[in-house]
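The values are calculated or read from the model by the stated rules, or taken from the named source; none is laboratory data. All values derive from a computational prediction rather than experimental measurement. Don't worry about glycine lacking a Cβ; one is built from the backbone with ideal geometry, like all the others, and counts go over all protein chains shown.
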Amino acid sequence: MSIKPDHWIEKMARDHHMIEPFEAGQVKEGVISYGVSSYGYDIRVADEFKIFTNVNNTVVDPKHFDNRSFVEFKGDVCTIPPNSFALARTVEYFRIPRNILTICVGKSTYARCGIIVNVTPFEPEWEGFVTLEISNTTPLPARIYANEGIAQVVFFQADEECRTSYADKKGKYQRQKGITLPKIDEK
C-alpha cells in the first residue's frame, strides 16, 4: 500500500470525478485552507449542522437514534457549545476507486483550538458526501467556519483490489446526500 501524492489526486479528480467540486490548488488567503495538499486533500465543511443538546434529556443510542438529540443550524459560522459536538457534511462529494482507502484527520488550526474532527475511513467504492463529527473538547463555545477547511483526507492505494468493496456489500451509508444520522441494517 502506498500514499498517493498531489498529482495523482488531481488526475483522479479530473479523470474519474473522485472529488467534486475539486480545488486543484491550496486556497488559504483569509480562510482555513482547503484543496490539494502534498499527499492529501483538505475538505471543507458545508453550512448545515446538527448541534447536539441535552435540552430534551434524550440518550444517544446508535440503534434507536432520537432526533430530539440535536438542533439544526444553517449558516456561515456554527457555534458548538462547550464539551459538545455537531454533525456536519462536506462540501465535496467523493467517489472512491476500488483499490483506494482513505483516512481523514482534523486540520491543525482547529486541533490547536481543542476541536477534534472524527471521520471513519472512506472504503473502496464508497461514494457520497462525508458526514463529519466535530467535537468541542473545551469548556468554551467554539466556532466552525462553513465553506472552509475542516480536515485532511489521505489516500492509500492498495497493491491489489479488495475482494469485497463497500458497493459490493451494499453499505448503508452509500451515496449519502446530507448529514446522515446513525442507522443499523434491518433484518
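The condition of being in contact (Cβ under 8 Å) with a residue 40 or more places away in the chain, touching a Pro at 6+ places or on another chain (Cβ under 7 Å), of a type outside the set (Phe, Trp, Tyr) and farther than 30 Å from His16 by Cα holds for only one of Asn83, Asn99, Asn67, that being Asn83. When the stretch 139-160 is filtered for residues that are part of a loop (DSSP other than H, G, I, E, B), surrounded by 13 or more Cβ atoms within 10 Å (Cβ to Cβ) and at pLDDT below 95, only Ala158 remains.
The residues of the stretch 149-180 that are aromatic (Phe, Trp, Tyr) and out of contact with any strand residue (DSSP E or B) (no Cβ under 8 Å at 6 or more places or on another chain) amount to a single one, Tyr166. Specify the residue that is farthest from Gly35 (Cα to Cα); the eligible residues are those in the stretch 47-84 that are at pLDDT 95 or above and aromatic (Phe, Trp, Tyr). Taking the candidates together, the pick is Phe73.
Would you confirm whether or not the stretch 131-138 contains a residue that is touching a residue at least 12 places away in the same chain (Cβ under 8 Å), more than 23 Å from Ser38 (Cα to Cα), in a loop (DSSP other than H, G, I, E, B) and touching a Lys or Arg at 6+ places or on another chain (Cβ under 9 Å)? Scanning the stretch 131-138 turns up no residue that is touching a residue at least 12 places away in the same chain (Cβ under 8 Å), more than 23 Å from Ser38 (Cα to Cα), in a loop (DSSP other than H, G, I, E, B) and touching a Lys or Arg at 6+ places or on another chain (Cβ under 9 Å). When Lys4 is tested against the conditions (1) in contact with a helix residue (DSSP H, G or I) (Cβ under 9 Å, 6 or more places away or on another chain); (2) more than 23 Å from Val117 (Cβ to Cβ); (3) of a type in the set (D, E, K, R), the lone failure is (2). On inspection, Ile116 qualifies as closer than 30 Å to Ala158 by Cβ, surrounded by fewer than 18 Cβ atoms within 10 Å (Cβ to Cβ) and among the β-branched types (Val, Ile, Thr). Select from the stretch 72-119 the residues that are in contact with a strand residue (DSSP E or B) (Cβ under 8 Å, 6 or more places away or on another chain) and polar (S, T, N, Q) and write down the one among them that is nearest to Val45 (Cα to Cα). So, considering only residues that are in contact with a strand residue (DSSP E or B) (Cβ under 8 Å, 6 or more places away or on another chain) and polar (S, T, N, Q), the one nearest to Val45 (Cα to Cα) is Thr90.
A single member of Thr138, Thr131 is in contact with a Phe, Trp or Tyr (Cβ under 9 Å, 6 or more places away or on another chain) and under 20 Å from Phe70 (Cβ atoms), and it is Thr131.
Only one of the numbered conditions (1) assigned to a helix (DSSP H, G or I); (2) at positive phi; (3) not aromatic (Phe, Trp, Tyr) is violated by Lys170, and that is (1). Would a scan of the stretch 18-30 turn up a residue that is surrounded by 15 or more Cβ atoms within 10 Å (Cβ to Cβ), at pLDDT below 90 and either over 23 Å from Pro141 (Cβ atoms) or touching an Asp or Glu at 6+ places or on another chain (Cβ under 8 Å) (or both)? No - not one qualifying residue is present in the stretch 18-30.
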